[in-house]
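For reference, the structure is listed below as structure tokens.
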Amino acid sequence: MLTNLQARDVATVLHPYSNLATLPEQGTLILERGQGVFVHDVDGKPYIEGMAGLWCNSLGHGREELVEAAAEQMRRLPFAHLFTGKSHDPAIALAEKLKEIAPMEAAKVFFCSSGSEANDTQMKLVWYVNNALGRPRKKKIISRIKAYHGVTIASASLTGLPNNHIDFDLPLSSVRHAACPHHWRFAHEGESEAEFSARLAAELDAQIEAEGPETVAAFIAEPVMGAGGVIVPPEGYFAAIQPVLEKHEIMLIADEVICGFGRLGEWFGSSVLGMTPDTVSVAKALTSSYVPLGAVIIPDWIDDALKAQSAKIGVFGHGFTYSGHPVAAAVALKTLEIYEREDVFSHVRAIIPQFQRRLKALADHPIVGEARGIGLVGAVELVADKRTKRSFDARRAAAAKAVALAQDEGLIVRAIGEAVSICPPLVISEAEIDELFDRLARALDRAE
Ligand code: PLP
């Protein structure tokens with residue numbers, strides 16, 4: 001039986017990423033407030049936010065400094081744009097800071113409002129720059145099966161998940177998907193992680209040769225796949241992939257929307273996974289999710305190509321009303337200041353062993369096939385048969401059921417296909433990590 005608020009909700013809100021057929025019966029969990037790693041629903045029941053919202057609320061709830069940064073900027077200058085000869089201090093300072101910390105030699109920063117817009121911009125830049133460089137055929141972008149890069153037409157095309165394509169008439173014809181680097185699921189019998197990486201690199205090489213290297217412009221990858229099920233690349237993966245890209249003059253785009261800003265214990269996941277990207281997309285924890293903000297960080301050679309193109313055709317015709325929104329930029333600057341001042345990433349590095357130990361211990365559970373993770377992110381994949389790795393019958397919706405039971409236990413986690421994902425705020429304490437996994441274990445016991 002739905003409450004009045006739930007009934008009003010399902011009657012009026014078109015919910016993103018939801019089963020729109022079953023939602024009207026099930027209703028939604030309606031949250032009211034949050035403090036630290038906890039959120040409370042409208043009845044006052046507390047939950048551990050085991051997903052940091054949607055992989056984004058890095059500093060937890062109730063950070064007065066971020067509220068103040070927004071309020072102060074709103075009082076001073078709530079809006080200004082960056083179009084046609086205009087700028088403002090928060091955007092300048094934030095671009096400088098992102099250049100300083102970027103995981104590559106950075107030249108400039110383009111601002112937008114989300115991860116999807118960042119990756120959409122990446123795709124447009126790839127096309128535009130290759131036209132500018134006189135390579136009009138070099139336009140295809142290779143992503144990977146199970147990648148998640150967003151939901152605009154371009155970024156949903158890059159995403160490698162069926163629900164983002166089916167009946168949306170996607171992906172765009174210039175997008176290809178390479179193999180998913182999930183060793184547990186896709187390695188051959190007896191194949192080591194290093195051998196699996198070498199095979200995927202050889203397959204990528206063959207795929208590029210088949211397409212024609214002169215038609216392939218870029219390869220986009222999350223350091224660790226997030227919304228595809230938290231898939232940590234196998235040993236040596238990027239070390240094997242990158243020479244293939246270099247050989248064919250294919251640029252590497254790092255989608256740091258989840259991994260960026262401390263999730264793996266460093267500023268960027270690229271550094272942890274040995275990626276040397278040409279360009280980077282960021283969003284989410286850039287503002288600890290207090291306000292929407294995304295960005296694309298580009299190197300000199302792209303900046304030079306853009307300038308050369310403007311010299312030829314005039315205006316660089318891309319940009320959003322809210323590109324570099326001053327309130328978002330002010331909150332981002334304060335967020336980055338807090339990461340440094342409170343040494344948040346040292347805290348993350350200190351708690352990673354406990355988080356991973358508690359996560360990996362779930363591998364012994366009768367319905368868990370794999371417990372995988374790195375840094376402060378992980379997932380458990382549920383199976384009907386541990387030995388054969390056979391999934392549950394789709395109708396059983398085992399992961400969704402486990403997530404509902406976790407919610408009952410006072411824990412928010414997220415189902416991704418057959419996996420349950422966990423991605424707590426970076427500021428979670430050791431005691432809270434223990435409580436999170438105790439609740440998750442109880443939910444899995446009940447889901448058996
Ligand atoms: N890229 C990655 C790696 C993501 O995880 C997400 C969202 O989860 C996106 C892009 C899209 O970001 P947004 O939802 O802000 O558009």
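The values are calculated or read from the model by the stated rules, or taken from the named source; none is laboratory data. None of the values given here were measured: they were computed from a predicted structure. For neighbour counting, all protein chains shown are included, and Cβ atoms are generated from backbone atoms with ideal geometry for every residue, glycine included.
Computed values, structure above
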| read-out | value |
| --- | --- |
| Those residues of region 124-159 which are under 16 Å from L170 (Cβ atoms) and among the small types (G, A, S), in sequence order | S143, A147, G150, A154, S155, A156, S157 |
| Options M251, M225; residue that is under 25 Å from S391 (Cβ atoms), among the aliphatic types (A, V, I, L, M) and at pLDDT 95 or above | M225 |
| Residue that is nearest to T121 (Cα to Cα) [pool: residues in region 263-293 that are within 13 Å of the ligand (Cβ to nearest atom) and either surrounded by fewer than 24 Cβ atoms within 10 Å (Cβ to Cβ) or not assigned by TED's automatic domain parsing to the domain that holds A218 (or both)] | P292 |
| Residues of region 182-232 that turn out to be within 16 Å of the ligand (Cβ to nearest atom), farther than 19 Å from V272 by Cβ and of a type in the set (D, E, K, R), as a count | 0 |
| Positions within region 233-254 being farther than 16 Å from A217 by Cβ and within 16 Å of the ligand (Cβ to nearest atom), in sequence order | P233, F238 |
| Test for S143: is it touching a helix residue (DSSP H, G or I) at 6+ places or on another chain (Cβ under 8 Å), in the same structural domain as H318 (by TED's automatic domain parsing) and within 22 Å of I298 (Cα to Cα) | yes |
| Which listed residue, of L82, L54, is within 16 Å of the ligand (Cβ to nearest atom) and at pLDDT 95 or above | L54 |
| Lone qualifier among S310, S323 - being assigned by TED's automatic domain parsing to the domain that holds V129, farther than 25 Å from G378 by Cα and assigned to a loop (DSSP other than H, G, I, E, B) | S323 |
| The lone exception for V151 - which of (1) within 28 Å of L204 (Cα to Cα); (2) away from the ligand (no atom under 15 Å from the Cβ) it fails | (2) |
| Residue check, E435 touching a residue at least 12 places away in the same chain (Cβ under 8 Å) and loosely packed, with under 15 Cβ neighbours inside 10 Å | no |
| Residue count for region 94-124, restricted to those that are within 11 Å of the ligand (Cβ to nearest atom) and either of a type outside the set (S, T, Y) or outside any loop (DSSP other than H, G, I, E, B) (or both) | 8 |
| Selection within region 167-194 - free of Cβ contacts under 8 Å to residues at least 12 places away in the same chain and surrounded by 16 or more Cβ atoms within 10 Å (Cβ to Cβ) | F186 |
